[in-house]
Amino acid sequence: MEQEIQKHSKIILFYNPNSGSGVFKNNLDYIIGRCQDAGYIVVPIRAAHGTVIADYLAEVSQRGIEAEFRQIIAAGGDGTINVCVNAMIQHDIHLPLAILPAGTANDFAYYFNLSGDIERMMDIALGHNYTYADVGKVNDRYFINVAAMGQVVDVSQKTDPTLKNTIGILAYYLKGLSEVPNLKPIKVTLTTPEKVYREKMYFMVVMNGKSAGGFKKISPDSEINDGLLDVMLFRNMTLLEMPGVFMKILQGSHPSSKRVLHFQTSSLKIESECDLPTDIDGEHGEKLPLSFSVLHNRLKIFTLEDNMGEEQA
């Protein structure tokens, strides 16, 4: 019994103190206390451009000490979770992942219906219920929720961090609306194993989850563990048509619109003669061309209810 406790006696806590409103910092002592009361030693790692967590997980992998850890807890927004998952995959770490949603939008956590209450968060993180989640790959990087491209998808990068943390997701909407008069359709070619699409588009998203930038229903039919990516391309449209499509996005009915191309695929290549802005989980993305694939059920996520049997079946 003593050996078993030693095998899983530690928890890695990877956190971004600057995510969202900074509420996480006020609860750091509580989080560590909950872990220690449950019998675990906490190894805190502060987010610092991804290098610290990557270096630490490289050491864990090289020393063969992964069995010493029960799990990783990642606290922050989608960008923080993205950094953690990229480091895990890069160094072949397969520890279960608990998410403390502490960012502005928390789209990845939204899919799993994770609580925003710190006590409930820790109940889930220290519980025993899991589900699986796919991870998307674009070129040599990985994404948990969304990769996007087009003239408005870099909104989160352009939005002032202070404004974003103060008024939250509304900041994204305000910034996005300011971009509308400058939109011009871009020619792109999408190649899948099933079909080749040649389109003129304003922007597009390649989804693993259901929501992006706080738009809760931007990909309403997505399943995060089906081995597929949902592609949503917004075609050339007039300024008069935009409000109607925008309303459909809010309602989740846009996939049926003629101004929206929607399909699912396990792999995809995106090419264009234009240099499009791209975004991966809210951070600057890769340059075109982009090649997408899926790591099916790569992550084991702590959840409110146990879906392991269901997802394995």
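Only residues that are open to solvent by 50 Å² or more (accessible area, probe 1.4 Å) and under 15 Å from the mean Cα position of the chain (by Cα) were counted across the range 229-247, and they come to 0. When the range 262-285 is filtered for residues that are open to solvent by 50 Å² or more (accessible area, probe 1.4 Å), among the acidic types (D, E) and within 26 Å of R198 (Cα to Cα), the ones remaining, listed by number, are E271, E273, D275. Taking G39, is it over 24 Å from the mean Cα position of the chain (by Cα) and in a helix (DSSP H, G or I)? The answer is no for G39. Out of the residues in the range 134-154 that are touching a helix residue (DSSP H, G or I) at 6+ places or on another chain (Cβ under 8 Å) and open to solvent by less than 20 Å² (accessible area, probe 1.4 Å), state the one that is farthest from H94 (Cα to Cα). Across the range 134-154, the extreme among qualifying residues is V146. Of everything in the range 61-92 that's more than 22 Å from the chain's Cα centre (by Cα) and in contact (Cβ under 8 Å) with a residue 40 or more places away in the chain, which residue is nearest to Y111 (Cα to Cα)? Among those residues, the one meeting the criterion is R70.
Restricted to the range 196-301, the set of strands (runs of 3 or more DSSP E) holding at least 1 residues that are farther than 24 Å from L100 by Cβ and at pLDDT 95 or above comprises 196-207, 229-235, 260-265, 268-271.
The values are calculated or read from the model by the stated rules, or taken from the named source; none is laboratory data. Everything numeric here is computed off the predicted structure, so don't read it as measured data. We place every Cβ from the backbone using ideal geometry, glycine too, and count neighbours over all the protein chains shown. Heavy atoms of the whole protein, side chains included, go into the accessibility calculation; ligands, DNA and RNA do not. Shrake-Rupley method; radii C 1.70, N 1.55, O 1.52, S 1.80 Å.
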